[in-house]
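A short worksheet on the structure shown next.
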Amino acid sequence: MKIIKLIGTSLIASSFVCGASSLAEKAKTSGLVPIPEDPKALSKLIDPKGVITDERVALGKQLYFEPRLSKSGLISCNTCHNLGMGGADGVSAAVGHNWTANPHHLNSPTVYNAVFAQLQFWDGRSPDLEDQAQGPMQAMPEMAAAPSLVEQRVNSIPEYVESFKKAYGAEVKVDFQAITSVIGLFERTLVTPSRYDDFLNGKEDALSEEEKEGLAVFIDKGCATCHGGIALGGGMQPFPLVGKYKYANIGDFKGDKNGMVKVPTLREVTQTAPYYHNGAIWSLAEAVQEMGRTQLGMEISDEDTQKIVTFLKALEGRKPVIEYPQLPNSTLDTPKPDMN
C-alpha cells in the first residue's frame with residue numbers, strides 16, 4: 001500500500017515538473033526571453049560595445065541624480081524616473097520646469113530595464129538610452145536646459161571634470177554628448193531580474209501554480225504578441241489596433257507619423273501606475289481589459305484578468321542597490337538657478 005502511495009505521489013510530482021517545463025518552453029516559443037543568469041551574458045547584452053566601467057557608472061549615477069542639469073537647478077533625471085518608485089513618477093503626466101505638466105499629457109515610463117527596449121520615447125524617436133537622455137534636458141516642459149548651460153554647470157565643478165578624466169582619460173571633452181552618454185551608461189545597469197526569469201531559466205518552482213496559470217493565460221490570449229522579448233515590450237505597434245481606446249481624449253498624442261506607439265515594458269508594472277501613454281488608467285486589471293479590447297479585439301473576463309494580473313506581479317524584480325550619491329559643491333563660476 002505504501003509503495004502504491006509513493007508511486008502515486010511520484011507521478012503527481014512528475015506531472016507538475018513536466019507541466020512547468022512545457023510551460024517554460026511554450027513561453028520561449030511564444031517569444032518570451034528571460035534575463036540571462038550568467039553575468040557575462042548579461043553584461044554583453046547591456047553593454048555590447050564593452051564601454052561600461054565602474055568609474056563611468058559611478059559618474060553617470062551622480063549625474064542622473066544631479067538637479068543642476070536642469071535650468072531651475074531643481075529637476076534631475078530621477079524626478080520623473082524615480083528609482084525608489086519603480087523607475088517612474090507615479091503621476092499621469094510628467095511634471096517639469098515651472099511645475100509644467102507635459103503638454104501632450106504623456107506619462108513617464110520606467111527607466112528600469114529600459115536598456116532592453118528596441119527604441120526610446122513613446123514615439124520611438126530615439127535609438128538608445130544615451131541619445132534619449134538628451135531630450136528631457138532640453139525640453140522646455142521638462143528640465144528646460146540648453147546644452148550650453150548643462151556644459152557650463154558641469155565644467156564649473158572641478159570634481160566632475162576630474163571624474164570625467166578618470167573615467168575617459170585626460171583628453172576627454174566634457175560636452176553635452178559626453179554628459180548625456182555617461183548617464184545612459186548608468187541607466188544600462190538598471191536591470192531587475194525576477195522570479196519569472198528564474199522560471200524561464202529552469203527553476204521550475206520559482207513561480208506559484210497560480211502565477212504559472214496566469215502566464216499560460218497571458219500567452220494564450222495573445223498578450224505576448226506585443227509584450228514579448230526580453231523587455232516584455234519595447235517595440236513599436238499600432239495603437240489602437242482593433243478597438244477604440246476609451247481614454248483617447250486625454251492628451252493629443254497619436255504616436256509616430258504612422259500611428260505607431262512604443263509598447264511599454266511589463267517589468268515592474270505593479271509599481272508603475274498609472275498606465276498607458278497618457279496615464280489614464282490606474283487599475284492594472286482595467287489596463288489588461290482595455291488592452292484586450294483595443295489591441296486583441298476581445299473581452300477578457302474578470303477571472304482571466306485576475307489570472308494575468310497574478311502573473312504580472314511576478315515580474316517585480318530584484319533591483320540593484322542604489323545609494324543616493326553625494327554631489328560635489330557648486331563654485332562661483334557655476335551658473336545660478338533660473339526659474340524663468
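Numbers below:
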{"quantity": "Violating pairs (Cα-Cα greater than 25 angstrom) within the set LYS61/LYS319; LYS212/LYS254; LYS71/LYS257; LYS28/LYS221; LYS28/LYS246", "calculated": "LYS212/LYS254; LYS71/LYS257; LYS28/LYS246"}
{"quantity": "Candidate aspartates and glutamates for bridging to LYS166, where Cα separation is under 12 Å - those fewer than 8 sequence places away on the same chain excluded", "calculated": "ASP54, GLU55"}
{"quantity": "Contact order normalised by residue count of the chain, Cα under 8 Å, 6+ apart, percent", "calculated": "25 percent"}
{"quantity": "Helix-only [θ]222 nm of the chain, DSSP H runs n ≥ 4, -39500 (n - 2.57) each, per residue, nearest 500", "calculated": "-11500 deg cm²/dmol"}
{"quantity": "Gaussian network model of the chain, springs between alpha carbon atoms under 10 Å - residue of LYS313, LYS40, LYS173 with greatest fluctuation", "calculated": "LYS40"}
{"quantity": "Pairwise FRET efficiency - ASP256 versus ASN201, Cβ, R0 = 41 Å, nearest 0.05", "calculated": "0.75"}
{"quantity": "Ranked packing of 194-206, 43-55, most packed first, by mean Cβ within 10 Å", "calculated": "194-206, 43-55"}
{"quantity": "Protection-proxy order for peptides 263-275, 117-129, each taking the mean of Cβ atoms within 10 Å per residue, highest first", "calculated": "263-275, 117-129"}
{"quantity": "Label assignment, Rg and Dmax of the Cα atoms in Å derived from the structure, set (i) 19.5, 71; (ii) 23.5, 73; (iii) 22.4, 87", "calculated": "(iii)"}
{"quantity": "Global form of region 43-188, assessed from the alpha-carbon gyration tensor, a/c cut-off 1.5", "calculated": "oblate"}
{"quantity": "Net charge of Cβ neighbours under 12 Å - reference ILE157; Lys, Arg +1; Asp, Glu -1", "calculated": "-3"}
{"quantity": "Ordering of 145-151, 317-323 by packing [mean C-beta count within 10 Å, highest first]", "calculated": "145-151, 317-323"}
{"quantity": "Angle in degrees between helix 176-188 and the longest Cα principal axis of the chain, rounded to the nearest 10", "calculated": "20 degrees"}
{"quantity": "Max mean-square fluctuation residue, GNM over the chain, Cα-Cα springs under 10 Å, options ALA93, ALA178, ALA24", "calculated": "ALA178"}
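Bear in mind these aren't lab numbers, they're just calculated from the coordinates by the rules spelled out. A quick note: this is a predicted structure, and the numbers were derived from the prediction, not measured. Cβ atoms come from the backbone with ideal geometry, glycine included; neighbour counts cover every protein chain shown.
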